[in-house]
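**Student:** Encoded as structure tokens, here's the structure I'll be asking about.
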Amino acid sequence: MGYIESSLLPGERIVARAHVHRIVFAKALAVALVGAVALYFQPAAGAIVIVIGLAMAIPPFITAKSSEFGVTDKRVVIKVGVIRRRTIELLLRQIEAISVDQSVPGRMLNYGSITLTGTGGVKEVFHNIARPLEFRRYIQGQSVEEDREPRA
């Protein structure tokens, strides 16, 4: 059970999830590919470079496995980190703005940064999110539905 499931409120349900894009592995993959090419010319050096590339893939792997991004019918729940954990749980009615920032490669590969701005000046930025526009749409869709529900 992940962080989002363990923090659900009574009657709350998960509507959408997002994850870290595989682009976080790009540098490690590039180094490993250079090592693979170097294997042909200098086998020992190539093997060392491949091992370095594999070692470089460990932090992004941990980041990808330890990050959770979810939208429920009541709030946005995000958790990143293992040793140094950072969480944000914003009620949908407290979200003032959601912005998506995508570079040209981000648009081509469908990843980007999401910035959530909440009431009281809370501003959180999350980078390398897969399908950020879709995630934003889910948040906005739930915000609209929450506004239509009568309040007690």
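Nothing in this text is a laboratory measurement; each read-out follows from the coordinates by a stated rule. The shown structure was predicted, so the numbers you read here are calculated from the model rather than taken from an experiment. Quick reminder, even Gly has a Cβ in these numbers, built from the backbone with ideal geometry, and neighbours come from all protein chains shown.
**Student:** Rg and Dmax in Å for the chain, alpha carbons only: what are they?
**Tutor:** 19.3, 73
**Student:** When ranked by the protection proxy of mean other Cβ atoms within 10 Å per residue, highest first, what sequence do the peptides 10-16, 90-96 form?
**Tutor:** Sorting 10-16, 90-96 by mean packing, highest first, produces 90-96, 10-16.
**Student:** Cα axis of helix 26-41 to longest principal axis of the chain: angle in degrees, 0 to 90, nearest 10?
**Tutor:** Relative to the chain, helix 26-41 is tipped by roughly 10 degrees.
**Student:** Continuing with this model, one more query. Give the relative contact order (percent, whole number) for the chain; include only Cα pairs under 8 Å separated by 6+ residues.
**Tutor:** Relative contact order for the chain comes out at 22 percent.
**Student:** So, one more: How would you rank 82, 71, going from fewest to most other Cβ atoms within 10 Å of each one's own Cβ?
**Tutor:** 82, 71
**Student:** Counting helices only, and only those DSSP H runs with n ≥ 4, report the 222 nm mean residue ellipticity of the chain as the sum of -39,500 (n - 2.57) divided by its residues, in deg cm²/dmol to the nearest 500.
**Tutor:** One gets -13000 deg cm²/dmol as the mean residue ellipticity at 222 nm.
**Student:** Taking the Cα centre of segment 53-152 as origin, sum charge times position over the Cβ atoms of Lys and Arg (+1) and Asp and Glu (-1), and report the length of that vector in debye to the nearest 20.
**Tutor:** 280
**Student:** Can I ask one more? Kindly put 20, 34 in sequence by how many other C-beta atoms sit within 10 Å of each C-beta, fewest to most.
**Tutor:** Lowest count first: 34, 20.
**Student:** Moving to a separate point now. Dipole of the chain (Lys/Arg Cβ +1, Asp/Glu Cβ -1, origin at the Cα centre): which of 63, 36, 14 lies farthest to the positive side?
**Tutor:** Result: 36, furthest along the dipole toward the positive end.
**Student:** If you rank 108, 56, 1 by fewest surrounding Cβ atoms within 10 Å, what's the result?
**Tutor:** 1, 108, 56
**Student:** Lysine pairs in the chain with alpha-carbon atoms under 21 Å apart, 8 or more places apart or on different chains: how many are there?
**Tutor:** Close lysine pairs found across the chain: 4.
**Student:** Another question, then. Note the full-extension length gain between residue 13 and residue 36 as 0.36 nm times their separation in residues minus their Cα-Cα distance, in nm to one decimal.
**Tutor:** Fully extending the segment from residue 13 to residue 36 adds 3.7 nm.
**Student:** Going toward the positive end of the dipole of the chain, with +1 on Lys and Arg Cβ and -1 on Asp and Glu Cβ, which of 126, 46, 88 do you reach last?
**Tutor:** Ranked along the dipole, the leading option is 46.
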